[in-house]
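The structure under discussion appears below in the form of structure tokens.
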Amino acid sequence: MKIKNINNCPLTAALQVVGGKWKPIIILSLRKSSKRFGQIDYSIPDISRKVLASHLGEMVKDGLLTRHSYSESPPRVEYRLTEKGKELVPIFEAMADWGRYLVDQEGQLTE
């Protein structure tokens with residue numbers, strides 16, 4: 001496959017939406033049910049709250065998540081995968097399987 005213009009590359013477009021270290025992990029953490037910010041933060045201990053908030057906002061903007069605010073006191077907000085976001089789950093699960101294979105083969109991956 002020859003890419004004439006990198007801006008029209010389908011892989012580049014996909015990676016702009018879900019690329020990086022945390023977005024796939026956020027998607028997998030939401031695959032079974034909606035969660036509140038604190039629950040997502042708790043399930044991904046190494047992510048900073050600032051980065052998590054930024055990524056959640058980007059993912060809502062990109063149509064991967066919905067953000068639902070409840071009219072309660074104190075306020076409650078939940079994040080849920082959209083259908084578009086759910087389409088990524090089997091892809092990231094397959095990548096995780098492949099990653100487990102790499103770790104098994106190489107012992108431990110280095111950064």
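The values are calculated or read from the model by the stated rules, or taken from the named source; none is laboratory data. The shown structure was predicted, so the numbers you read here are calculated from the model rather than taken from an experiment. All Cβ positions, even for glycine, are placed from backbone atoms using ideal geometry, and neighbour counts span all protein chains on display.
For this structure, a couple of remarks:
- Test: Gly57 is surrounded by 15 or more Cβ atoms within 10 Å (Cβ to Cβ) and either in contact (Cβ under 8 Å) with a residue 40 or more places away in the chain or within 12 Å of the chain's Cα centre (by Cα) (or both): no
- Selection status of Ser73, over 25 Å from Gly99 (Cα atoms), without any contact (Cβ under 8 Å) to a residue 24 or more places away in the chain and outside any loop (DSSP other than H, G, I, E, B): no
- The lone criterion from (1) under 18 Å from Leu15 (Cα atoms); (2) among the β-branched types (Val, Ile, Thr); (3) more than 14 Å from the chain's Cα centre (by Cα) left unmet by Val103 is number (1).
- The range 14-52: number of residues that are in a helix (DSSP H, G or I), closer than 15 Å to Glu93 by Cα and not charged (D, E, K, R): 7
- Test for Gly85: is it touching a strand residue (DSSP E or B) at 6+ places or on another chain (Cβ under 8 Å), in a helix (DSSP H, G or I) and either modelled with pLDDT of 95 or more or not polar (S, T, N, Q) (or both): yes
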